[in-house]
Amino acid sequence: MQETLTILGLESSCDDTAAAIVRLGADGGGEILASIIASQTDLHADFGGVVPEIAARAHVEKLDLCAQQALSAAAVSLRDIDAIAVTAGPGLIGGVMAGVMFAKGLAAGAGLPLIGVNHLAGHALTPRLTDGAAYPYLMLLVSGGHCQFLIANGPENFTRLGGTIDDAPGEAFDKAARLMGLPQPGGPAIEACARNGDAQRFRLPRPLLDRPGCDMSFSGLKTALLRTRDALVAEHGGLRQRDRADLAGSFQAAIADVLAEKSRRALAQYIAMNPPNPLFAVAGGVAANQSLRAALETVSAEAGASFLAPPLALCTDNAAMIAWAGGERFRTGASDNMGLAARPRWPLDQSAPAMLGSGKKGAKA
Ligand code: KG4
Ligand code: ZN
């Protein structure tokens, strides 16, 4: 039996200020006592992306409020908390710093241990919080800012099998939606538009499928889409409803095909480790896409692995995942001190080759 832990988690690495209280049970299970998220979407709406400076200021204004709301919603006080977990990277540095500074102040004031958490570890450990997933499992993080395959071996032990070398799929969906005159966020808009479309009509590229391994690329897809759109506009004087739907369907199918084939390869590597309970979990906003989800589920079943997609509210950025990941780290005896640094880049797997580039939501890893 392990000791029960109650952790306050804080997240501020992108455009959501979040605080949560999570209890890690003696049996290894987790319970979310409160999860508060203050979204900054409105603040950035006019700018076509997250403005780091605006984000950092808004985090500074909202962190204490969110923490207070989380404590009160969970009906606990700081005296009931065993440790404070905070996202220490990767992400937009101003926001990460705001969170780390706030957490340090709170930890020092309340005399509580401080635990720095890798934001990606938060996402990657979510299947343990929601479903008690046993190590090792295979994880696909797929959102507006992330895209990578990870094998989770332990709370701080991850093997990265591959990731995007340019855009994340959510970013690609958002850009593609803009090109087609669809609203933001682009993913849900394209999915809805694609329902009436013919996904076979336009043969868009499936980048990097001709190369071995699990790395992916999505920026060329956007260029191909642009060319096809321009040709249609030139031919008909505008994008007709039918063409838009077919284009949306073809684009969605290309992304799903790439992710499915790369998942097949990642699963093969993972299954070769002979995991006792093979599990493939997917997290991130793009995992909401029904056709993608269906494709991944099929690939998973073919490989003999169970498939898991945590509830969407826990797939997108939140502080419950940070509290859980901090709690797992704390249980191993780890903690940080006032020297804890905010890191804009912080790859989960230090031995994997560095991932280049940063998107509108900060560094990719
Ligand atoms: O995880 P998330 O909420 O935020 C981060 O990116 O961190 O993911 C948001 C992304 C957006 O790019 C959005 O277009 C995409 O997830 N998305 C979708 C769908 N719902 C959200 N993409 C494809 N299909 C969807 N149904
Ligand atoms: Zn995230």
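None of the figures in this text is laboratory data; all of them are computed from the coordinates on show. Note that the structure is predicted; figures quoted are calculated from it, not measured. All Cβ positions, glycine included, derive from the backbone under ideal geometry; neighbour counts span all protein chains shown.
Data overview
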read-out: Long-range HN-HN contacts of S306 with modeled amide H, under 5 Å; value: L279, F280
read-out: Length added when fully stretched, D42-T4, from 0.36 nm per residue minus Cα-Cα; value: 9.8 nm
read-out: Tensor-based shape of the range 169-313 (alpha-carbon gyration tensor, a/c under 1.5 rounded, otherwise prolate or oblate); value: prolate
read-out: The chain - Rg and Dmax from Cα coordinates, angstrom; value: 20.6, 69
read-out: Given charges at Cβ of Lys, Arg, Asp, Glu: the chain dipole, positive-most of G187, A177, A110; value: A177
read-out: Highest average packing first - 336-349, 201-214, 252-265, Cβ atoms within 10 Å; value: 252-265, 336-349, 201-214
read-out: Listed peptides 90-96, 133-139 by packing density, highest first (mean Cβ within 10 Å); value: 90-96, 133-139
read-out: 24 Å tail of the calculated P(r), the range 53-174, as % of Cα pairs; value: 41 percent
read-out: Between helix 241-271 and the chain: long-axis angle, C-alpha atoms, 0 to 90°, nearest 10; value: 50 degrees
read-out: Helix 169-179 axis, angle to the chain major axis (alpha carbon atoms, nearest 10°); value: 50 degrees
read-out: Interchain or long-range residues, amide H under 5 Å from D336's placed H; value: L114, I115, G116
read-out: Antiparallel content of DSSP bridges confined to the chain, in %, to 5; value: 65 percent
read-out: Cβ crowding within 10 Å averaged over residues, with 233-242, 290-299 ranked highest first; value: 290-299, 233-242
read-out: Debye equation applied to the C-alpha atoms of the range 234-360, log10 I(q)/I(0) at 0.11, 0.20, 0.22, 0.23 Å⁻¹; value: -0.62, -1.35, -1.38, -1.39
read-out: Cα-based Kirkwood hydrodynamic radius, the range 250-320, one decimal, Å; value: 12.7 Å
